[in-house]
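So the structure is just underneath, and the comments pick up after that.
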């Protein structure tokens with residue numbers, strides 16, 4: 001290292017000097033932290049607190065055992081001291097103290113976050129093309145043959161957005177519809193299964209789907225679509241071979257079906273549209289007018305609010321953006337967090353550079369994205385670079401990201417906010433700056449997941465390589481960092497035997513996170529024993545995990561995050577119970593049926609997620625769980641399978657916020673079941689007085705749910721309550737559901753009788769955003785929702801089961817903020833009142849999903865119901881997306 005420092009002092013370029021010095025400091029800080037962690041682990045006192053002679057002999061024995069470790073660490077410390085001295089001398093030599101630093105503080109979260117989402121979903125200038133293409137998709141329906149529309153254009157022009165808008169506008173005209181993304185390295189079998197999952201409404205059809213090979217999957221999809229008029233979007237097709245592999249799954253059934261593809265490559269678009277009646281639509285940049293509208297709306301809320309002094313510089317910036325929506329969104333997101341001062345905007349204009357004049361140039365686009373990245377404060381740069389762990393088109397779960405950022409040490413508590421709150425604020429800042437794309441925006445404004453745009457992903461991968469942040473192993477695209485630097489983080493996205501052999505020869509003792517999204521050659525991966533400093537170990541979705549060598553897991557003493565989600569493992573590696581720093585253990589969607597008793601020794605656990613994919617009754621709660629008082633979230637445990645003592649211990653989890661549990665269904669309630677129910681009720685009452693925010697109860701019957709009528713004290717922090725997969729209905733609305741629950745936003749409840757009085761009480765819940773009502777009783781009268789209450793409700797689902805129920809009627813003023821409506825519509829019972837729903841009285845309605853029930857209804861009556869509902873939706877000024885099933 002000393003020789004390297006001498007060599008670097010000869011550099012004269014100031015930028016290179018800074019880059020080299022920063023790299024050396026970064027590596028030094030990593031190694032220093034690793035040394036400290038080893039020191040604490042190897043020379044710790046072992047946790048004993050006995051006194052007297054026993055303590056004396058214990059300490060003496062430990063000193064003897066750790067003598068070798070002491071000598072080794074002493075040598076490492078001497079080496080670190082020398083490197084610190086050399087780095088300090090290099091700083092003086094480079095005169096870095098004289099270099100002006102350009103740092104920016106944390107940007108405030110834009111209060112118009114929801115508006116920005118809406119802007120991206122409905123980009124300016126898209127209405128005309130959308131309406132024209134929608135008209136083309138629906139015209140000449142009598143010809144009956146299948147048509148393909150291929151949208152082609154440069155990355156960032158909005159191909160997927162346009163396709164989605166066309167899809168949204170016309171999908172109500174089709175029997176079924178689906179949207180899948182292909183990407184550069186398509187997994188055809190996975191894509192076909194994704195299509196089946198979206199198209200099929202019957203669980204029995206998709207039973208054992210995981211075991212289907214590609215040929216069977218294609219056959220099953222063809223079977224599903226054979227007699228249906230289908231609409232499918234195949235997004236981001238990169239090759240002709242990929243299109244051919246997927247296209248064979250769509251039958252030409254003479255039902256006027258439609259397919260939309262998006263691609264960046266004209267040859268691929270042509271291969272998608274071989275017939276004369278198919279259409280290729282070439283995307284073009286936004287016009288000057290639409291560019292201005294998008295730009296100013298995102299910064300100021302309207303064009304008129306732009307200060308006169310900024311008009312000229314804005315026009316220059318827009319000219320350089322060349323009508324590329326992604327470029328405009330990136331720069332406007334950057335400027336939205338800058339002072340409205342001409343000098344500041346001039347700086348941005350000058351830094352963009354002349355490359356943007358090449359509007360279709362990859363380099364020009366990369367410069368735009370680099371500018372947005374470079375403007376980030378250090379904390380956001382760090383979490384942004386972390387996203388290069390995930391492959392192209394990957395949907396990255398928000399909670400997964402947040403937990404990994406915390407485990408990596410990227411997050412610090414700020415201004416009284418918890419690690420979780422700070423990490424989530426970073427996530428939303430990335431969305432706010434248009435650096436990542438939101439996926440599944442819930443009615444409370446929270447985003448379930450995100451995607452990284454392909455161009456941005458390419459940028460952050462190159463930055464990660466440059467800064468030795470993450471080593472991405474992705475087949476032929478793998479780039480190994482400078483040999484002078486250690487591998488600090490490892491993302492394995494695609495690996496063959498040859499690459500695995502190269503990896504096995506690398507020094508992996510400094511790797512802090514290992515995230516595997518590859519699906520092959522797991523048996524060739526190095527043993528976990530080589531990863532001494534791991535903080536994050538994520539196998540999520542790795543189906544061939546059983547081939548991995550799990551020996552050495554117990555030595556990962558710094559591990560804080562461990563995920564086996566969706567891996568199919570059936571037994572927890574034995575070394576897991578030795579990971580005393582573990583904070584997250586995710587076993588969701590695995591085949592694990594029980595946990596080792598020693599799991600309760602992991603007292604730092606905050607998230608214990610155990611929901612099994614094949615075990616619909618839950619996992620037994622380990623005795624001693626009350627010792628893990630740091631637990632914030634537990635899911636997948638069975639109340640009735642566990643001991644009464646373990647159920648009682650749940651009440652000791654004073655920090656618990658999320659509780660999702662199972663109860664078995666009993667035809668005749670035994671005394672044992674009642675004992676479990678009573679103890680769970682007791683624990684739930686205690687938890688409700690602490691920090692409990694979310695309760696989800698799957699299964700169960702009267703003993704528990706009737707006890708819940710007397711939930712006391714009132715769970716004032718409760719935000720979500722759901723009864724889950726149970727057909728049991730409460731005889732009445734529980735007493736604790738009152739307007740005093742000022743935080744309850746999501747309610748999923750089953751009631752035997754739904755009356756206007758019940759709706760009146762529910763309508764007074766001040767924070768209610770989503771309501772799902774289920775009932776097993778035949779309600780022959782029409783249920784009228786009057787013009788009062790439910791002032792905040794955005795999602796309403798009405799799900800009668802059994803013999804069915806009558807229809808709903810929405811009066812004027814009812815549900816004034818409702819955006820999504822889902823209901824079961826029993827045609828035979830509704831005909832007595834007419835088929836009118838009153839959708840026109842729901843001014844914000846965007847999505848309507850109606851499950852038509854034709855029991856005891858004639859075919860003409862059934863068709864008349866479909867026509868009436870479709871007519872109401874079409875007459876609505878919002879033209880809500882309608883799905884009839």
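A few points about this structure:
- Ordering of 431-438, 267-274 by packing is 431-438, 267-274, highest average first (other Cβ atoms within 10 Å, averaged per residue).
- Percentage of interatomic Cα-Cα distances in the range 729-885 larger than 18 Å: 57 percent
- Note on the range 390-457: Cα convex hull, mean projected area over all directions, 4.8 nm².
- Binning the C-alpha pair distances of the range 123-282 at 10 Å intervals from 0 yields a P(r) profile of 11, 41, 37, 10, 1 %, listed from the shortest bin outward.
- Ranked by how many other beta carbons lie within 10 Å on average, peptides 867-878, 216-227 from highest: 216-227, 867-878
- Proportion of all alpha-carbon pairs of the range 675-718 beyond 11 Å (%): 65 percent
- Proxy reagent accessibility, fewest Cβ within 10 Å first, across 382, 263, 584, 635: 382, 635, 584, 263
- Pairwise centroid distance, computed over Cα atoms, of the range 704-756 with the range 236-265, Å: 47 Å
- Debye intensity ratio in log₁₀ form over the Cα atoms of the range 513-583, taken at each q of 0.11, 0.20, 0.22, 0.28 Å⁻¹: -0.22, -0.79, -0.98, -1.57
- Based on the Kirkwood approach, the hydrodynamic radius assigned to the range 702-799 is 13.8 Å, with every pair of different Cα atoms included.
- Residues 380, 744 in ascending order of nearby Cβ atoms (within 10 Å, fewest first): 380, 744.
- Packing order of peptides 156-162, 305-311, 370-376, highest average first: 156-162, 370-376, 305-311 (average count of other Cβ atoms within 10 Å over each peptide's residues).
- Largest-first ellipsoid semi-axes for the range 259-306, taking √(5λ) over the Cα gyration tensor eigenvalues, angstrom: 36, 9, 9
Any read-out appearing in this document is the output of simple, stated calculations on the displayed coordinates, not a laboratory observation. Quantities reported herein were computed from a predicted structural model and do not represent experimental measurements. In this analysis, Cβ positions are derived from the backbone assuming ideal geometry, glycine residues included, and neighbour counts consider all displayed protein chains.
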